[in-house]
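The values are calculated or read from the model by the stated rules, or taken from the named source; none is laboratory data. Keep in mind it's a predicted model, so treat the numbers as computed, not measured. Methodologically, a virtual Cβ is constructed for each residue, glycine included, from the backbone with ideal geometry; neighbour enumeration extends over all protein chains shown. Areas reflect the complete protein model, heavy atoms only, side chains present, ligands, DNA and RNA absent. Shrake-Rupley method; radii C 1.70, N 1.55, O 1.52, S 1.80 Å.
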Amino acid sequence: MSIFAGLDVSDKSTHICVVDAEGGVLRRDVVASDPEALASWLNRHCPDLVRVVLETGPLSTFLYHGLVERGIPVECICARHAKGVLAARVNKSDVHDAEGLAQLARTGWFKRVHMKASATHIDRAALRIRAQLITTRVAMGNQLRGLLKLFGLRLGAARTPGKRRERLIALYGQRPDLEPLFAPLVASIEVIEEQLRASNRLLESRAADDAVCSRLMSVPGVGPITALTFTASIEDPRRFARSEDVGAYAGLVPRRSQSGERDVRGNISKAGDPMLRRSLYEAANIMLCRVQRPFALQQWGQRIAESKGNKRARIAVARKLAVLLHSLWLNETEFRWT
């Protein structure tokens, strides 16, 4: 008899529901959110297990790889797609969600999510740490400027640590009593900037040692961060049937709402990985504004900017850039200016 299981995962425990091929519930239980405990329970109670389904979430990668290593036929599905099915019940609970996931496993009506390898998650963790350091530095810098304005002092365009230090010394000359007050904030900003430089060195070294990243960095406007973000997000270029699908994967294609006579195209979908989308957009901005040597993609984007505006041009170039990077990766070639 074919058996299917659904796992509703939380931080400490996981609700399990097992159904047969007809959809009848055979067993329910609660097990610790640990791959060893889950695999042991499934092997003991589900001898004819066909498929196990769990949703994307904070522990999904850890549990997925742990269950695969222990020989469990597990699939990770998109939580946003599963929400439509699970919301059909009037009352939401972990027990009902586990049963809904088990029914999805039985019917096969779900979208499988590509699960990245552990090495890829190391690169993505380093990129996220860098992004968090940048966000914190910007927030603390704005806080410093705002608090100085309370006392009628303006920091001005201090874009480097040295310029900021010189400017603060001049401001403290006007208000010496403020120096001990702002010292902890300034010291924290300096520490974060030092850690950010260390993070940049680590990522640049990682990109320089990777053959694929070096090939992608031959494209003007694409640096180590963009190349590493692209490879860590895509991981396997052959999982896309066409290079054009990468733009949709990054959420850089327009939404569409069509029904009968109505067919509306909206803003970009913003689906997929926001870190990948942000990196492509920044690379497109650099390509349009800073690269001096002309080439076809840049000129195409400039024509769009003249007719439809800079923002739409950057989005269009970012989408084309995703297609170009995937093509270079798949064909193992470098960028040619001509």
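Here are some notes:
- Most to least packed among 247-254, 158-165 [average Cβ atoms within 10 Å]: 247-254, 158-165
- Semi-axis lengths, Å, the chain, gyration tensor of Cα atoms, sqrt of 5 times eigenvalues: 45, 29, 21
- Protein accessible area in the chain, 1.4 Å probe - carbon and sulfur %: 51
- Prolate/oblate/rounded call for segment 217-264, Cα gyration tensor, a/c under 1.5 rounded: prolate
- Heavy-atom accessible area per residue - segment 159-258, 1.4 Å, Å²: 53
- Sparse-neighbourhood loop sites, trypsin sites (Lys or Arg not before Pro) in segment 200-299 - DSSP loop, at most 12 other Cβ within 10 angstrom: Arg242, Lys270, Arg290
- Cross-link pairs beyond the 32 Å C-alpha cut-off, checked among Lys111/Lys320; Lys92/Lys270; Lys163/Lys308; Lys116/Lys320; Lys111/Lys308; Lys116/Lys270: Lys163/Lys308; Lys111/Lys308
- Antiparallel beta bridges, as assigned by DSSP with both residues in the chain, represent about 70 percent of the total such bridges.
- Those aspartates and glutamates that a straight Cα-Cα span of less than 14 Å connects to Lys311, excepting residues fewer than 8 apart in one chain: Glu282
- Loop-resident trypsin sites (Lys or Arg not before Pro) (DSSP state other than H, G, I, E or B) in segment 54-103 with no more than 16 further Cβ atoms inside 10 Å of their Cβ: Arg70, Arg89, Lys92.
- Local net charge near Arg44, Cβ-Cβ under 12 Å (Lys/Arg +1, Asp/Glu -1): 0
- Segment 242-338 - Rg (one decimal) and Dmax (whole number), Cα, Å: 14.4, 48
- Thr338, Thr61, reordered so the largest accessible area comes first (probe 1.4 Å): Thr338, Thr61
- The simple Förster model, with R0 at 22 Å and r as the Cβ-Cβ distance, assigns Asn331 and Phe295 a FRET efficiency of 0.75.
- Taking other residues whose beta carbon is less than 12 angstrom from the beta carbon of Lys116, and scoring Lys, Arg as +1 and Asp, Glu as -1, yields -2.
- The solvent-accessible area of Phe335, taken with every protein chain present and a 1.4 Å probe, is close to 40 Å².
- Shape call, segment 23-119: gyration tensor on alpha carbons, a/c limit 1.5: oblate
- Here segment 131-200 is treated as a sphere whose radius is the Kirkwood value from Cα pairs; by Stokes-Einstein at 10 °C and 1.306 mPa s it diffuses with a coefficient of 127 µm²/s.
- Compactness of segment 99-252 - radius of gyration and Dmax, Cα, Å: 22.7, 73
- For segment 14-92 versus segment 98-137, the spacing of their alpha-carbon centroids is 16 Å.
- Net charge in the neighbourhood of Glu244 (other residues with Cβ under 10 Å of its Cβ; Lys, Arg +1, Asp, Glu -1) is +2.
- Global form of segment 46-177, assessed from the alpha-carbon gyration tensor, a/c cut-off 1.5: prolate
- Think of a 1.4 Å ball rolled over the protein heavy atoms: segment 1-137 then has 53 Å² of accessible area per residue.
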